[in-house]
Amino acid sequence: MGETRRTIELLWLAETTRDAETTRGADAETTREAETATAGAKPKSKRGRRPGLTVTRVVEAGITLAGAEGLDAVSMRRVAQELGVVPMTLYTYVPDKGALLDLMLDRLYLAMPRADHPDRPWRERLAAVAEENRRLYGEHPWAASLPASRPPLGPGLMAKYEHELRAFDGCGLDDVTRDSALTFLIGFVQAQARSEAEVRAAATRAGDTDFEWWAERGPIFQVVFEQHRYPTATRVGAAAGAALGAAYDPGHAYTFGLNRVLDGLAALIETGDPRR
């Protein structure tokens, strides 16, 4: 029941934000007129929504905070602080932190650039979908850390889902297989984004880049490890590090992995057998 209610709240908030903002503007004007008419009267303490504050502003504040300090920094109290209001005021716009995170992610989905190229080969269309998601996670790393099993069922997700499913048009997949293939593709991109974020965080903590790390440690690789005891690991590790200039190259890992994902989907599409 809780998840159902959250979904309903998300849809309602997302779809009525524009109308609600217009109404609030009118309400604010009415309030100002009423205050003028009763000048000199002792103001009464009021609870509820603040004039000028909107669901959109609350969500954007959460996105800005997550981008600057990470997802752990996002809380109802902290977002309220960033907006200059008391925490209880925030709850009149967003029911809880879970709904706030849903709205934040859905807003990113709604703003994603999406280009349809139905005339392009399916492999290029899927690579474009993957790149769109990779760009999203690159600009908003915190989004990749949110669980994919229960996505926000808002207009942003639905627009994104529709666009990405259409990339499989003409591939001969049934509906369930099409959904599974998309989940497989996006799951790879999300996992890769998480790995890239971890690499960047580690480099920041260490104060050096992967290239600098390997330049310092690469020459002693064969000295530290016993070549006779670990001949394959020593040879392959040294060769890969020398070729990539790092122990781990996110760009290479993404390109290599995406090609393997597309190869796997090619086998599925060519056979038309969802059991493969």
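Below is a table of values for the structure above.
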{"quantity": "Single match in Ala233, Ala267, Ala243 (criterion: among the small types (Gly, Ala, Ser) and modelled with pLDDT of 85 or more)", "calculated": "Ala267"}
{"quantity": "Residue within the range 179-187 that is among the acidic types (Asp, Glu) and more than 13 Å from Leu108 (Cα to Cα) present", "calculated": "yes"}
{"quantity": "Breaking point among (1) open to solvent by 30 Å² or more (accessible area, probe 1.4 Å); (2) modelled with pLDDT under 95; (3) not polar (S, T, N, Q), for Val94", "calculated": "(1)"}
{"quantity": "Flag if Leu103 is surrounded by 19 or more Cβ atoms within 10 Å (Cβ to Cβ), outside any loop (DSSP other than H, G, I, E, B) and among the aliphatic types (A, V, I, L, M)", "calculated": "yes"}
{"quantity": "Unique residue being within 15 Å of the chain's Cα centre (by Cα) and more than 24 Å from Leu262 (Cβ to Cβ) when the list is Gly154, Gly138", "calculated": "Gly154"}
{"quantity": "Neighbours by Cβ (under 9 Å, 6+ apart or cross-chain): first from the range 74-94, within 21 Å of Trp142 (Cα to Cα) and among the hydroxyl-bearing types (Ser, Thr, Tyr); second part of a helix (DSSP H, G or I) and open to solvent by 20 Å² or more (accessible area, probe 1.4 Å)", "calculated": "Ser75/Pro87; Ser75/Lys97"}
{"quantity": "Positions within the range 174-189 being in contact with a helix residue (DSSP H, G or I) (Cβ under 8 Å, 6 or more places away or on another chain) and either hydroxyl-bearing (Ser, Thr, Tyr) or open to solvent by less than 20 Å² (accessible area, probe 1.4 Å) (or both), in sequence order", "calculated": "Thr177, Ala181, Leu182, Leu185, Val189"}
{"quantity": "Unmet requirement for Ser149, which otherwise passes all of (1) farther than 22 Å from Thr64 by Cα; (2) modelled with pLDDT of 95 or more", "calculated": "(2)"}
{"quantity": "Residue list for the range 133-145, filter: touching an Asp or Glu at 6+ places or on another chain (Cβ under 9 Å) and surrounded by fewer than 17 Cβ atoms within 10 Å (Cβ to Cβ)", "calculated": "Gly138"}
{"quantity": "Number of positions in the range 55-86 that are in a helix (DSSP H, G or I) and open to solvent by less than 40 Å² (accessible area, probe 1.4 Å)", "calculated": "15"}
{"quantity": "One residue from Val129, Val79, Val74, Val59 being of a type in the set (Val, Ile, Thr), closer than 26 Å to Thr255 by Cβ and either under 19 Å from the mean Cα position of the chain (by Cα) or at pLDDT 95 or above (or both)", "calculated": "Val129"}
{"quantity": "Residues that are open to solvent by less than 40 Å² (accessible area, probe 1.4 Å) and under 19 Å from Thr56 (Cα atoms), drawn from the range 146-158", "calculated": "Pro152, Gly154, Gly156, Leu157"}
{"quantity": "Yes/no for Glu162 being modelled with pLDDT of 95 or more, over 27 Å from Arg57 (Cβ atoms) and open to solvent by 20 Å² or more (accessible area, probe 1.4 Å)", "calculated": "yes"}
{"quantity": "Failed item, numbered, when Arg24 is tested on (1) modelled with pLDDT of 95 or more; (2) open to solvent by 30 Å² or more (accessible area, probe 1.4 Å)", "calculated": "(1)"}
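The values are calculated or read from the model by the stated rules, or taken from the named source; none is laboratory data. Everything numeric here is computed off the predicted structure, so don't read it as measured data. Cβ atoms come from the backbone with ideal geometry, glycine included; neighbour counts cover every protein chain shown. Note: areas computed on protein heavy atoms with side chains; ligands, DNA, RNA excluded. Shrake-Rupley method; radii C 1.70, N 1.55, O 1.52, S 1.80 Å.
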